[in-house]
1. Does Tyr93 fit the bill of being within 25 Å of Ala254 (Cβ to Cβ) and not in a helix (DSSP H, G or I)?
2. Given (1) under 26 Å from Arg334 (Cα atoms); (2) in contact with a strand residue (DSSP E or B) (Cβ under 8 Å, 6 or more places away or on another chain), identify the lone condition not met by Thr63.
3. Go through Glu126, Glu146 for me and flag whichever is modelled with pLDDT of 95 or more, farther than 21 Å from Gly275 by Cα and charged (D, E, K, R).
4. Name the residue, out of Tyr170, Tyr124, that is out of contact with any strand residue (DSSP E or B) (no Cβ under 8 Å at 6 or more places or on another chain), of a type in the set (Ser, Thr, Tyr) and surrounded by fewer than 18 Cβ atoms within 10 Å (Cβ to Cβ).
5. Looking only at segment 114-136, which residues are closer than 16 Å to Pro305 by Cβ, part of a helix (DSSP H, G or I) and not aromatic (Phe, Trp, Tyr)?
6. For segment 188-231, give me the residue count where each residue is at pLDDT below 95 and among the polar types (S, T, N, Q).
7. Right, Glu165: in a helix (DSSP H, G or I) and either without any contact (Cβ under 8 Å) to a residue 60 or more places away in the chain or of a type in the set (S, T, N, Q) (or both) or not?
8. Kindly evaluate Ala81 against the criterion of being of a type in the set (A, V, I, L, M, F, W, C), surrounded by fewer than 19 Cβ atoms within 10 Å (Cβ to Cβ), at pLDDT below 95 and assigned to a loop (DSSP other than H, G, I, E, B).
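The values are calculated or read from the model by the stated rules, or taken from the named source; none is laboratory data. This structure is a prediction, so every number in the text was calculated from the model and none was measured. Glycine gets a Cβ as well: all are built from the backbone with ideal geometry, and neighbour counts include every protein chain shown.
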Amino acid sequence: MGMNDTKDRIIEYLYRSHTGQSSGLYEYLRQDIADLSLITVKRLLAKLKAQGILTTEGRGRSTRYVLTPYGKLTHAIDAHAYGMDEPDRRFGYTRYQFDLLPALTFDPFLEEEYACLAQATDLYRERIETLSPGLHQKELERFVIELSWKSSKIEGNTYTLLDTERLLLYGEEAVGHSKDEASMILNHKTAFAYVRENRDQFRTVTREGIEQVHALLTCDLPIANNFRSGMVGVTGSTYRPLDNRYQIEEAIEALCAAVERMPHGYAKALVTLLGLSYIQPFEDGNKRTARLVSNAILLAYDCSPLSYRSVSEEEYREAVLVFYELNSLQPFKRLFIEQYTFAADTYLVR
């Protein structure tokens, strides 16, 4: 077992136990590493503490190690493997972690990841510079159709891509589908038009902007537009978001502050998408709102918006689930980079 594997085992232990002493970690690791010494474990724990991944409580023989929010946010997780277990058998958190958003004081993208995104953006901007109005309109229609279809499908909508195209271009509702499904798709078109026309205001994320996008996405649907004052469950997860309206308002303030600290549009978009999905301030429509506000930020910074066309709903949900339960943004960050490079190479939306 290599050093990275040992590090992963330590972090998994602390996820499960929430806290641990060097002696307990030593005994746990010795199950797989027979020649491991206690000194080696203590050195590794000291290294992880110096990196900001762990912190300590107590002193001397009472010293206990705890994962920091930074350690959780940056820990690489196999989202699919984690999601394969039944919800009650998983070891993630079941409650909102108040120290998570305030801990987002660092750029979540590594230098090489940022370079990949920047290169995709440069190529995207070059391609749209000479775009004719007619071609741009066709590209915009294509993007809106694919975004509306995929974002709705992630939420369980059963319209096909062709059904969505007929609805958005010709106003033809699909036979055998509910009115609410059609409204969900049509609302995506309206919401995207709004964020595109008002992109500059989304250089700063505000509660008012979030609420406006949510109102557009839930128009004609039986969903309240105000922040929740009760509990909401997450299908397939033991995670339970906040159920107190005042705490939800404070969480949104913490999210807006975290987004403001981010150094560029990519990071702002990623943190907004995950943060809104995590807080779930509304009774429904949260992830849709997160995707549209995230796209508004990308447009505000002259970046390509994301349709998520090429990602499976399962992969999307697994990556979000890991953020809910383990607070790691790594799986969704990988998905974000993949979808951004795909979108920048596929669409011509300005």
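1. yes
2. Unmet condition: (1).
3. That would be Glu146, the only listed residue that is modelled with pLDDT of 95 or more, farther than 21 Å from Gly275 by Cα and charged (D, E, K, R).
4. Tyr170 is the lone residue from the list that is out of contact with any strand residue (DSSP E or B) (no Cβ under 8 Å at 6 or more places or on another chain), of a type in the set (Ser, Thr, Tyr) and surrounded by fewer than 18 Cβ atoms within 10 Å (Cβ to Cβ).
5. If the condition is that a residue be closer than 16 Å to Pro305 by Cβ, part of a helix (DSSP H, G or I) and not aromatic (Phe, Trp, Tyr), then Leu117, Ala120, Thr121, Leu123, Arg125, Arg127, Ile128, His136 are the ones that fit.
6. The number of residues fulfilling the criteria is 3.
7. Spelling it out, Glu165 is indeed in a helix (DSSP H, G or I) and either without any contact (Cβ under 8 Å) to a residue 60 or more places away in the chain or of a type in the set (S, T, N, Q) (or both).
8. Against the criterion (of a type in the set (A, V, I, L, M, F, W, C), surrounded by fewer than 19 Cβ atoms within 10 Å (Cβ to Cβ), at pLDDT below 95 and assigned to a loop (DSSP other than H, G, I, E, B)), Ala81 does not qualify.
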